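To start, the structure itself, in structure tokens.
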Amino acid sequence: MKNLIKKWFGIDKLEENLKMLKEMEAKAIASTAEAQVAEQEAKMTPKERATERGEAWVGVLDTKINPENVRNGFFELDWNNEFIVQLKQAGYGFDGDPDEYIVDRWFRDLAGNMLAEAGQDPTRSSAGFINVNKLGNGKASVE
């Protein structure tokens, strides 16, 4: 009887419309939240996005060559804590090691592997030297 009364007075249609409106409102709220997250991520640096996701990240901020001796130059690297954890898990460092030393071990290994893949002797003395200077904020200059 209750359903019959709702049908006679059109209340059933009103209830359906109300249900649709609530669903549309929920979708609009979700869409707005997704847009806000996308906008915030667009403003973040790649390092910040990776850190937010809990991903390891390392990047080259700058590269310079010594004009007086092209065998020497430097890379300025930046990284997040997740990258340091990943390097420690790979055997490049231990708790208590400064982050710059851990990254230096990895970078030396990386450079040696690149030389070996190019058919060069990674132990040769004319390869120059690698010097790590702490810049603060998790950054270092590798010369």
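The values are calculated or read from the model by the stated rules, or taken from the named source; none is laboratory data. Since we're looking at a predicted model, the values are computed, not measured. For neighbour counting, all protein chains shown are included, and Cβ atoms are generated from backbone atoms with ideal geometry for every residue, glycine included.
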In the range 69-119, what count of residues is obtained for those that are more than 20 Å from E55 (Cα to Cα) and aromatic (F, W, Y)?
3
Mind listing whichever residues of the range 39-85 are at pLDDT 85 or above and aliphatic (A, V, I, L, M)?
M44, A50, A56, V58, V60, L61, I65, V70, L77, I84, V85
Any pair with Cβ under 6 angstrom, 6 or more apart, that starts in the range 111-132 at a residue that is under 19 Å from L77 (Cβ atoms) and ends at one that is modelled with pLDDT of 80 or more and not in a loop (DSSP other than H, G, I, E, B):
I130/R108; V132/E100; V132/D104
Can you tell me which residues in the range 1-38 are within 30 Å of D78 (Cβ to Cβ) and at pLDDT 80 or above?
E34, A35, Q36
Identify, by number, the condition in (1) in the same structural domain as L135 (by TED's automatic domain parsing); (2) more than 23 Å from L135 (Cα to Cα) that F107 doesn't meet.
(2)
